[in-house]
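The structure under discussion appears below in the form of structure tokens.
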């Protein structure tokens, strides 16, 4: 892997992981589009861990309140409950992801699956965005059942091209969350999922050996961290004034283009 390839893939991971456009889909498509060899597990693992660091850094005020709520006596119990909801909402995706990983990695990572996932879930995102009234604007008051429903939606994101952030934001909009709150909860919900994905792939690397040199790993990880941080901040600010319409249209157009090519 060259430094340029590491930079491009790191940029794609950082941007597409948090915009509702599917990082897994684009990480499959970009190497094929440019005729590059598909990146090693080591590279994917370090990119996920870089994304994890960016989430924690970008949302540190919320993360700190959750940690204090859980571990500090007399802290705000609302944040402690939110932390427990996030943990419980993560369990379905972790279970399905672990037992279906062979199918996900080797049987459904195809261009057509990515294309149709982009199109179908792009349309669903558009519908959710149009009908959502956004009544709930406090992330600590989402409630147990909303959190579980949004967490269960992450299982669908195991299909390449779906987008973890996209499907959880869509579920949040259907559940009546405001656009910004749906995105904020989606990012917080990403912390345990992205951590698990990165550590699982890192475990495979330890068993199978490192397949990428150190410099591309450093370049890709730093690029992912910076791009992830900026993307999170951008989307939260963007959604205070605008909708998900542009992202939904982009998904559908990219999906159609893939099918045509």
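What follows is calculated from the coordinates using simple rules that are stated; it is not laboratory data. Just so we're clear, the structure is a prediction, and the values are computed from it rather than from any experiment.
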Original post:
Given the options 164, 112, 240, which has the most mean-square fluctuation in a GNM of the chain, springs set between C-alpha atoms less than 10 angstrom apart?
Top reply: 240
**OP:** Determine the gain in length on full extension of the stretch residue 101-residue 152; use 0.36 nm per residue of separation and subtract their C-alpha separation, reporting nm with one decimal.
**Re:** 16.7 nm
Original post:
If you average the sequence gap of Cα pairs under 8 Å that are 6 or more apart and divide by the length of region 78-185, what percent do you get for the contact order?
Top reply: 38 percent
Original post:
Given springs between every Cα pair under 10 Å in a Gaussian network model of the chain, which of 49, 29, 88 has the largest fluctuation?
Top reply: 88
**OP:** Mind running the shape call on region 34-125? Use the C-alpha gyration tensor, a ≥ b ≥ c as the square roots of the eigenvalues: rounded below 1.5 for a/c, prolate if a/b tops b/c, oblate otherwise.
**Re:** prolate
Original post:
In degrees, nearest 10, range 0 to 90: what is the angle between the Cα axis of helix 179-208 and the longest Cα principal axis of the chain?
Top reply: 40 degrees
**OP:** State whether region 113-256 is rounded, prolate or oblate according to the following rule on the C-alpha gyration tensor (a ≥ b ≥ c being the square roots of its eigenvalues): a/c under 1.5 gives rounded; otherwise a/b larger than b/c gives prolate, and the remaining case gives oblate.
**Re:** prolate
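For n ≥ 4 DSSP H runs only, could you compute -39500 (n - 2.57) per run for the chain, divide by its residues and tell me the 222 nm figure to the nearest 500?
Using -39500 (n - 2.57) per qualifying helix, the result is -25500 deg cm²/dmol.
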**OP:** Could you work out the relative contact order of the chain, using alpha carbon pairs under 8 angstrom and six or more residues apart, expressed as a whole percent?
**Re:** 38 percent
Original post:
Taking the chain as a Gaussian network, where each spring joins two C-alpha atoms under 10 Å apart, which residue of 74, 44, 111 fluctuates the most?
Top reply: 74
